Amino acid sequence: MKEDKKFSYISMFFGGVGTVLILLAAIKLLDSDKLYEGYLVIFGFIFTIGYINNLESKAGVSKKATWVRAILSMVVLLLVSYFVFFL
């Protein structure tokens, strides 16, 4: 049972990193001349995040773990976007 929980947290981590990478790609797309496609990707990203949160609640993931994942995703987004876009 403990290994299942560990695997669940590892999956949540990689899911958070994946959504950050998708958001970075959407921001890069908005930065280019393809403005319409960038907005579609942003809305798709928002819907995907809502769906992931719904699945996590149905799977029984605690609110604390969900908030930790969200905060870590935001920190990773800020760090990666700083190095990608500002350096």
About its Cα centre, the chain carries a charge dipole, from +1 on Lys and Arg Cβ atoms and -1 on Asp and Glu Cβ atoms, whose size in debye to the nearest 20 is 440
Taking 13-23, 57-67 and ranking on average Cβ neighbours within 10 Å, highest first, one gets 13-23, 57-67
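Give me the net charge of VAL20's neighbourhood, meaning all other residues with Cβ under 14 Å from the Cβ of VAL20; Lys, Arg count +1, Asp, Glu -1.
+2
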With the 1.4 Å probe rolled over protein heavy atoms, the chain has an accessible area per residue in Å² of 79
Normalised Cα Rg of the stretch 48-87, dividing by 2.2 N^0.38 Å with N its residue count, works out at 1.46
Taking a crude spin-label model, label points 7 Å out from Cα along the C-beta direction, the PHE13 to ASN54 distance in nm is 2.9
Stokes-Einstein D for the chain (10 °C, 1.306 mPa s, Kirkwood Rh from Cα pairs), in µm²/s, comes to 113
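The values are calculated or read from the model by the stated rules, or taken from the named source; none is laboratory data. Note that the structure is a prediction, hence the values are computed from the model and not measured. Cβ sites come from the backbone with ideal geometry, for glycine too, and all protein chains shown count toward neighbours. Side chains included, ligands, DNA and RNA excluded: accessible areas come from the protein's heavy atoms. Shrake-Rupley method; radii C 1.70, N 1.55, O 1.52, S 1.80 Å.
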